[in-house]
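As structure tokens, the structure follows; a few thoughts come after it.
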Amino acid sequence: MGFLDYFRSERRASASVAKERLQVIVARERSGRGGPDYLPALQNEILEVIQRYTSVDDDAVKIQVERDGDCEVLEVNVTLPADH
Amino acid sequence: MARVVVVTSGKGGVGKTTTSAAFGAGLARAGHRTVVVDFDVGLRNLDLIMGCERRVVYDFVNVIHGEANLNQALIRDKRVENLAILPASQTRDKDALTQEGVEKVLEGLAEDFDYIVCDSPAGIERGAHLAMYYADDALVVTNPEVSSVRDSDRVLGLLSSKTRRAERGEDPVKEHLIVTRYSPSRVGKGEMLSVEDVCEILSINLLGVIPESTAVLNASNAGMPVILDEKSDAGQAYSDTVARFLGEERDHRFLTDKKGLFSKLFGG
Ligand SMILES: Nc1ncnc2c1ncn2[C@@H]1O[C@H](COP(=O)(O)OP(=O)(O)OP(=O)(O)O)[C@@H](O)[C@H]1O
Ligand SMILES: [Mg+2]
């Protein structure tokens with residue numbers, strides 16, 4: 001059974017990789033939703049600027065517009081790497 | 001009040017038309033006056049899947065333009081009572097459907113039908129937008145595969161922002177997930193996203209799971225909604241789906257591989 005198990009675990013990886021990738025991309029796309037059309041571009045440019053100064057992951061910048069009564073608040077979250 | 005049900009997906013070729021035909025036939029079979037409307041302008045196909053392609057005289061766009069009235073354009077199904085279809089136009093003019101035109105046609109249909117099932121074209125352009133705009137319910141058809149799931153999520157975003165219900169601040173469009181072309185044996189091998197995975201990612205209510213099935217091709221060859229093939233797995237899965245939509249509780253019957261022993265022994 002040993003070699004069969006080996007193939008099985010190889011295969012199991014493919015669906016779980018798909019799931020992980022989907023969770024990341026769907027979360028990212030949802031966060032940009034409902035806001036102004038320029039949000040994704042703004043998010044990318046902020047990321048580029050930050051990456052000029054320090055190395056962060058491509059999904060380090062989270063951006064969204066929150067409505068607070070009459071005000072709209074642009075919320076930008078940047079995750080810096082642990083060794084900072 | 002008629003309910004407008006859009007069958008949508010974003011991604012093409014995932015089973016919207018198959019589902020529209022089956023779902024419409026299922027609602028009609030349960031006694032509800034049902035019309036299935038083909039929104040795929042330029043790529044009319046619902047007529048073929050429902051086996052009435054030779055009876056098409058007028059279409060959706062003719063009605064919008066006032067060249068025919070609804071009764072002239074509607075085709076009554078010969079097998080199922082209470083079932084009709086409104087075929088799409090084969091025009092190449094992508095702007096043939098207008099918002100006012102669609103609204104007028106749906107209002108006309110609402111007088112004679114309990115359910116208006118709108119078969120959306122693929123994509124998120126005009127046709128898809130108009131198909132979902134007036135919806136009360138949405139059947140989001142998804143294959144267990146990365147691009148289909150991602151597109152479905154995109155469509156969920158549109159349903160919650162670009163529909164009449166959203167714009168008017170009414171109760172949101174009721175979203176239902178239908179996973180199609182599901183292959184339990186491949187899920188078992190870890191090659192395919194499971195229904196649980198898809199539900200978790202999209203976080204919407206699961207209405208039905210339709211297995212990958214040869215019955216679907218057979219039914220489309222014959223021009224018969226697959227739900228009428230009552231012996232087939234896909235037909236039964238669609239029957240369960242319609243029953244759940246109408247409020248019945250039904251177990252999901254096609255989530256596991258029936259082949260059993262062989263596949264258990266050989267990792268199937
Ligand atoms: N459960 C299933 N099992 C096997 N084949 C299926 C199943 N559902 C759909 N198919 C096949 O997939 C193909 C696409 O189906 P269908 O035309 O319903 O998709 P669609 O979403 O309407 O496509 P489009 O985006 O082009 O309008 C068809 O060949 C159909 O027979
Ligand atoms: Mg179609």
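The values are calculated or read from the model by the stated rules, or taken from the named source; none is laboratory data. Please read all numbers here as calculations on a predicted model, not as lab measurements. Neighbour counts are summed over all protein chains in view; Cβ atoms, including those assigned to glycine, are modelled from backbone coordinates with ideal geometry. We work out accessible area using only protein heavy atoms, side chains counted, and drop any ligands, DNA or RNA first. Shrake-Rupley method; radii C 1.70, N 1.55, O 1.52, S 1.80 Å.
Using the 1.4 Å probe convention, the accessible area of the protein assembly as shown works out to 52 Å² per residue with neighbouring protein chains retained. Note on B:E191/B:D95: beta-carbon distance plugged into 1/(1 + (r/R0)^6) with R0 of 30 Å gives a FRET efficiency of 0.10. Assuming a ≥ b ≥ c are the square roots of the Cα gyration tensor eigenvalues, decide whether chain B counts as rounded (a/c under 1.5), prolate (otherwise, with a/b larger than b/c) or oblate. The shape class here is prolate.
Using the Karplus relation 6.51 cos²θ - 1.76 cosθ + 1.60 with θ = phi - 60°, the per-residue 3J(HN,Hα) values for the stretch B:210-215 come to 9, x, 4, 8, 5, 4 Hz, with x marking Gly and Pro.
Taking square-rooted eigenvalues a ≥ b ≥ c of the alpha carbon gyration tensor, is the protein assembly as shown rounded, prolate or oblate, where a/c under 1.5 means rounded and, failing that, a/b exceeding b/c means prolate?
Details: a/c = 2.34, a/b = 1.23, b/c = 1.90.
Oblate is the answer for the protein assembly as shown, as a/c is 1.5 or above yet b/c matches or exceeds a/b.
For the stretch A:18-79, build the charge dipole from Cβ charges (+1 Lys, Arg; -1 Asp, Glu) around the Cα centre, then report which of A:G69, A:Q23, A:S55 sits farthest towards its positive end. Farthest towards the positive end: A:Q23.
What translational D, rounded to a whole number of µm²/s, comes out for the stretch A:18-79 from Stokes-Einstein when the hydrodynamic radius is the Kirkwood one over Cα pairs, at 10 °C and 1.306 mPa s? It would help to have the intermediate numbers written out before the result.
Numbers: Rh = 12.6 Å.
The diffusion coefficient I find is 126 µm²/s.
When a 1.4 Å probe is rolled over the protein heavy atoms, the share of accessible surface on the stretch A:18-79 that falls to carbon and sulfur comes to 46 percent. Expressed as a whole percent, the accessible area of chain B that falls on carbon and sulfur atoms is 46 (1.4 Å probe).
Pick out which of B:H129, B:H65, B:H32 has the largest mean-square fluctuation in a Gaussian network model of chain B, springs linking Cα atoms closer than 10 Å. Its mean-square fluctuation being the largest, the pick is B:H65.
Mind checking which aspartates and glutamates have their C-alpha under 16 Å from A:K62, skipping anything on the same chain fewer than 8 residues away? Cross-link targets: A:E29, A:D37, A:E45, A:E48, A:E75.
Roughly how large is the A-B contact in terms of buried accessible area, totalled over both chains, probe 1.4 Å, nearest 100 Å²? That pair hides around 1600 Å² of surface in total. The C-alpha atoms of chain B define a longest principal axis, and helix B:16-29 lies at about 80 degrees to it. Shape of the stretch B:19-172 from its Cα gyration tensor (a ≥ b ≥ c, root eigenvalues): rounded if a/c is under 1.5, otherwise prolate when a/b > b/c, or oblate? Verdict is rounded for the stretch B:19-172.
Based on DSSP H runs of at least 4 residues, each adding -39500 (n - 2.57), what is the mean residue ellipticity at 222 nm of chain B after dividing by all its residues, to the nearest 500 deg cm²/dmol? Value at 222 nm, helices only: -11000 deg cm²/dmol. Label-to-label distance for A:R21 and B:K162 is 2.5 nm, based on points extended 7 Å past Cα in the beta-carbon direction. Take the Cβ atoms of A:V78 and B:N205, set R0 to 35 Å, and the FRET efficiency comes out at 0.50.
Taking only C-alpha pairs under 8 Å that are 6+ residues apart, what is the relative contact order of the stretch A:18-79 in percent? Don't jump to the answer; show the numbers that get you there.
Values: 49 pairs, mean separation 16.7, N = 62.
Once normalised by length, the contact order is 27 percent.
Measuring nothing but how far apart in sequence close Cα pairs (under 8 Å, 6+ apart) lie, relative to its length, the stretch B:1-135 scores a relative contact order of 42 percent.
Take every pair of alpha-carbon atoms less than 8 Å apart whose residues are at least six positions apart; their mean separation over the length of chain B yields a relative contact order of 24 percent.
Within the stretch A:19-34, name every residue whose backbone N is under 13 Å away from a label modeled 7 Å from Cα of A:L42 along the Cβ vector. Zone members listed by number: A:32-34.
Sorting B:S203, B:S9 by solvent-accessible area of protein heavy atoms yields B:S203, B:S9, largest first, with a 1.4 Å probe. Note on B:E53 and B:E67: their simple-model spin labels are 2.1 nm apart, each label 7 Å out from Cα toward Cβ. In this label model, B:L217 and B:K231 are separated by 1.9 nm, measuring between points 7 Å along each Cα→Cβ vector.
Distance from the C-alpha centroid of the stretch B:91-164 to that of the stretch B:177-215: 23 Å, rounded to the whole angstrom.
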